[in-house]
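S.K.: Encoded as structure tokens, here's the structure I'll be asking about.
What follows draws every value from the coordinates through simple rules; no lab data is involved. Bear in mind that the values here come from a model prediction, so they are computed numbers and not experimental data. Cβ: placed from backbone, ideal geometry, glycine included. Neighbour counts: every protein chain shown.
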Amino acid sequence: MADHATIPIFPLQIVVFPGEIVPLHIFEERYKQMFADVRAARERGELLQVGIILGEGTEVLAEVGCTVVLEEVLEEGEDGRLNIITLGARRFRIEQVVGDKSYLEAWVEYIDDEEEATDLVLQARVLARYRRLLELVEEVSGAEAEGGDAENAFQIAQTVALDLGVKQRLLAMTTENMRLEMLGEHFERLIPALEERRAKRLRVHSNGHSKGS
């Protein structure tokens, strides 16, 4: 049986993954009202999730998004502005925009992965490439890379540089193997370029110093 709900919709220029920590600064009146409704629902003992989807203003640019759950209000201004922490929860597909509130609402169908065993060989290969990528980023940038404890595709995708189109395709995929394949292909293209940059950097640093002078 399909799992449906009517939820508030928050179009943003981001793609959120399940389990991702998402800080938000709320300043527009419609979204102040949205999170006032979320907090009111929580006071009644209900959980009202907000659907974040790729878009801008009132324009929705994708079919698939991810709900977030309000975790913490960090700061609340006298004018109702909020700095909050939310957590990515469930993926959804918009079936129909509904309602007449100041913010968008939609009738959505929640998305779950298909039942398929994860390819452990593929997973190990992608995780190895991911760790190599982090090593190269640290060497090239000189800054410590975060995310080395990632265990699945969504966790990996939160920490690597991916354009919104790639993130959106990952979000809509319904098996872990499909997501791992896509990330593996991305790493295959990216790692050689970073290794070349690393090699050039080493040549520059060692130039004139390989023999004492």
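S.K.: Work out, step by step, the length gained on full extension between Glu78 and Glu46: first 0.36 nm times the residue separation, then minus their alpha carbon distance; give nm to one decimal.
M.R.: 8.9 nm
S.K.: Sticking with this one: To the nearest 20 debye, what is the magnitude of the charge dipole of the chain about its Cα centre, counting +1 on the Cβ of each Lys and Arg and -1 on the Cβ of each Asp and Glu?
M.R.: 1160
S.K.: Under a Cβ-only charge scheme (Lys and Arg +1, Asp and Glu -1), can you give me the dipole magnitude of region 4-111 about the Cα centre, in debye to the nearest 20?
M.R.: For this selection, approximately 280 debye.
S.K.: In terms of modelled amide H atoms, which long-range or inter-chain residues lie less than 5 Å from the amide H of Phe10?
M.R.: Gly51, Ile52, Ile53
S.K.: Only helical DSSP H runs with n ≥ 4 go in: add -39500 (n - 2.57) per run for the chain, normalise by residue count and round the 222 nm mean residue ellipticity to 500 deg cm²/dmol.
M.R.: Taken over the chain, the calculation gives -13000 deg cm²/dmol.
S.K.: Assign one of three labels to region 4-111, namely rounded, prolate or oblate, based on the Cα gyration tensor with a ≥ b ≥ c the square roots of its eigenvalues; rounded applies when a/c is under 1.5, prolate when it is not and a/b is larger than b/c, and oblate otherwise.
M.R.: It is rounded, given that a/c, with a ≥ b ≥ c, falls under 1.5.
S.K.: Taking θ as phi - 60°, what are the ³J(HN,Hα) couplings along region 60-70 by the Karplus curve (6.51, -1.76, 1.60), each to the nearest whole Hz, with x for Gly and Pro?
M.R.: For region 60-70, the Karplus curve yields 9, 10, 8, 8, 10, x, 9, 6, 10, 10, 5 Hz.
S.K.: Thr86's amide H: which non-local residues (gap 5+, or another chain) put their own amide H closer than 5 Å, with H modeled 1.01 Å from N in plane and none for Pro or chain starts?
M.R.: So Thr86 has HN proximity to Val22, Leu24, Glu71.
S.K.: Pairs of alpha-carbon atoms within less than 8 angstrom and 6+ residues apart define the contacts here; what relative contact order does the chain have, in percent?
M.R.: That works out to 21 percent.
S.K.: Now for a separate question. With an 8 Å Cα cut-off and a minimum separation of 6 or more residues, compute the relative contact order for region 1-116 in percent.
M.R.: This gives 35 percent for region 1-116.
S.K.: When the dipole is taken about the Cα centre of region 56-144, and only Lys, Arg (+1) and Asp, Glu (-1) are charged at their Cβ, what size is it in debye, to the nearest 20?
M.R.: Roughly 380 debye, rounded to the nearest 20.
S.K.: Starting from the Cα of Leu61, step 7 Å along the direction of its Cβ; do the same at Arg132; then give the gap between the two resulting points in nm.
M.R.: Placing both labels 7 Å beyond Cα along the Cβ direction yields 3.3 nm.
S.K.: Connecting C-alpha atoms closer than 10 Å in a GNM of the chain, tell me which of Glu196, Glu95, Glu151 has the biggest fluctuation.
M.R.: Highest fluctuation of the listed residues: Glu196.
S.K.: Report the calculated FRET efficiency for Arg93 and Val121 (r = Cβ-Cβ distance, R0 = 45 Å), to the nearest 0.05.
M.R.: Taking R0 as 45 Å, the efficiency between Arg93 and Val121 is 0.90.
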